[in-house]
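First up is the structure itself, then whatever we jot down about it.
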Amino acid sequence: MQVAVFSGAGISAESGVPTFRDDEVGLWAQYDPYEVSSIDGWNRHPELVWAWYLWRWQLSRRVEPNLGHRAIADWEQHAKVHVITQNVDNLHERGGSSTVHHLHGSMFEFRCADCDHPSNPVMPELTEPVLEVAPPVCDCGGLIRPGVVWFGEDLPDGPWNAAVEAIDAADVLIVVGTSGVVYPAASLPERALDQGKTVIQVNPEPTPLSDRVTVHLRTTASAALPGMVQRLPFLLG
Ligand code: APR
């Protein structure tokens, strides 16, 4: 059996990384997600965007993969599993998954925003979030930015093509922890549905996909995912 997983911020929520659209208490709650994760936002106030990523980078390093990440890795004992993630953390890899396609890049890679040169900046240790931090500066004078894909930027070809191939080859797609509103990533579950594939959604809340999926399990990743692929033959009849 070949399984594709399409994950979003919700799967890392139980590790302690706030999602984009549910975090109403953080320092950045007053900002639209667009403001802290778009090329326009970066051009307007790079200090705000850098501080947001610096804090998320620190949080992601401090937290551990949860039962959801670990369950997906365990499925590899029973099926060929491709993880397609919108997340820029590395919790799928740290949870043990061997094939992870990062549609929106990685928070652990950096490059110059002007000359594109890869960078390995010294990151300050913050004990609490700070609203603005000046980004490091490249030798060329440009600002160092995280290697993530922002609104207004194209997805990298490699992970995108690998994701499409994984969807097309999958017998079943598990969609977990995504609001399903950010395109083109959100078109991947639609592609699987258009092909008549079984699509299982795991999300405590309804999403625009809920009416179309084969099954919507309205619960958390850590509750639904352990043992799911092992039980699939029974679930699907
Ligand atoms: N288990 C499963 N789902 C959960 C859990 C959980 N424990 N907790 C929250 N969720 C769900 C929420 O109900 C919501 O539908 O996770 C979803 C998180 O949605 P978003 O915050 O919108 O995250 P995501 O879909 O990954 O965002 C997509 O938007 O800002 C951009 O580039 C960024 O990759 C990101 C993209």
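To keep it simple, each residue is scored yes or no on (1) in contact (Cβ under 8 Å) with a residue 40 or more places away in the chain; (2) in the same structural domain as GLU205 (by TED's automatic domain parsing); (3) closer than 28 Å to GLN230 by Cα.
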residue: ALA9; (1), (2), (3): yes, yes, yes
residue: TYR31; (1), (2), (3): no, no, no
residue: HIS45; (1), (2), (3): yes, no, no
residue: TRP50; (1), (2), (3): yes, no, no
residue: ALA73; (1), (2), (3): no, yes, yes
residue: ALA79; (1), (2), (3): yes, yes, yes
residue: ASN87; (1), (2), (3): yes, yes, yes
residue: GLU93; (1), (2), (3): no, yes, yes
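Can you find even one residue in segment 181-191 that is part of a helix (DSSP H, G or I), free of Cβ contacts under 8 Å to residues at least 40 places away in the same chain and more than 24 Å from THR19 (Cα to Cα)?
So the first thing to find is which residues in segment 181-191 are part of a helix (DSSP H, G or I), and the list is 187-191.
Restricting the remaining residues to those that are free of Cβ contacts under 8 Å to residues at least 40 places away in the same chain gives 187, 190-191.
Those left that are additionally more than 24 Å from THR19 (Cα to Cα): 191.
Taking every residue of segment 181-191 in turn, at least one turns out to be part of a helix (DSSP H, G or I), free of Cβ contacts under 8 Å to residues at least 40 places away in the same chain and more than 24 Å from THR19 (Cα to Cα).
For (1) of a type in the set (A, V, I, L, M); (2) within 11 Å of the ligand (Cβ to nearest atom), each residue gets a yes or a no:
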position: SER12; (1), (2): no, yes
position: THR19; (1), (2): no, yes
position: VAL36; (1), (2): yes, yes
position: ALA51; (1), (2): yes, no
position: TRP57; (1), (2): no, no
position: ARG70; (1), (2): no, no
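Could you please give the count of residues in segment 139-182 that are away from the ligand (no atom under 12 Å from the Cβ), surrounded by fewer than 18 Cβ atoms within 10 Å (Cβ to Cβ) and among the β-branched types (Val, Ile, Thr)?
Residues in segment 139-182 being away from the ligand (no atom under 12 Å from the Cβ), surrounded by fewer than 18 Cβ atoms within 10 Å (Cβ to Cβ) and among the β-branched types (Val, Ile, Thr): 1 in total.
Filter segment 192-237 down to residues that are touching an Asp or Glu at 6+ places or on another chain (Cβ under 9 Å), free of Cβ contacts under 8 Å to residues at least 40 places away in the same chain and within 9 Å of the ligand (Cβ to nearest atom), then give me how many there are.
Summing the residues that are touching an Asp or Glu at 6+ places or on another chain (Cβ under 9 Å), free of Cβ contacts under 8 Å to residues at least 40 places away in the same chain and within 9 Å of the ligand (Cβ to nearest atom) in segment 192-237 gives 1.
Every residue, every condition in (1) modelled with pLDDT under 95; (2) of a type in the set (Phe, Trp, Tyr); (3) assigned to a helix (DSSP H, G or I), yes or no:
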| residue | (1), (2), (3) |
| --- | --- |
| GLU76 | no, no, yes |
| VAL81 | no, no, no |
| PRO129 | yes, no, no |
| ALA162 | no, no, yes |
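Out of the residues in segment 221-235 that are loosely packed, with under 14 Cβ neighbours inside 10 Å and within 13 Å of MET1 (Cα to Cα), which is modelled with the highest pLDDT?
Here the answer is ARG231.
If I go through segment 65-82 residue by residue, how many of them are of a type outside the set (D, E, K, R) and closer than 17 Å to VAL172 by Cα? Write out each step before concluding.
Quick first cut of segment 65-82, residues of a type outside the set (D, E, K, R) only: 65-69, 71-73, 75, 77-79, 81-82.
Now drop any that are not closer than 17 Å to VAL172 by Cα, which leaves 71-73, 75, 77-79, 81-82.
So the answer is 9.
Looking at segment 164-180 only, could you name the residues that are assigned to a helix (DSSP H, G or I) and not charged (D, E, K, R)? Spell out the reasoning first.
Residues of segment 164-180 that are assigned to a helix (DSSP H, G or I), as a first pass: 164-169.
Those that are assigned to a helix (DSSP H, G or I) and not charged (D, E, K, R): VAL164, ALA166, ILE167, ALA169.
Among the listed residues ASN66, ASN87, which satisfies the condition of being at pLDDT 95 or above, buried (at least 16 other Cβ atoms within 10 Å of the Cβ), among the polar types (S, T, N, Q) and under 21 Å from TRP42 (Cβ atoms)?
Numbers: ASN66 fails: under 21 Å from TRP42 (Cβ atoms).
That would be ASN87, the only listed residue that is at pLDDT 95 or above, buried (at least 16 other Cβ atoms within 10 Å of the Cβ), among the polar types (S, T, N, Q) and under 21 Å from TRP42 (Cβ atoms).
Of everything in segment 192-230, what is closer than 14 Å to ILE72 by Cβ, in a helix (DSSP H, G or I) and not aliphatic (A, V, I, L, M)? Give them in sequence order.
SER222, GLN230
The values are calculated or read from the model by the stated rules, or taken from the named source; none is laboratory data. Everything quoted here is computed from the prediction, not taken from an experiment. Positions of Cβ are generated from backbone atoms using ideal geometry, with glycine treated the same way; all protein chains shown enter the neighbour counts.
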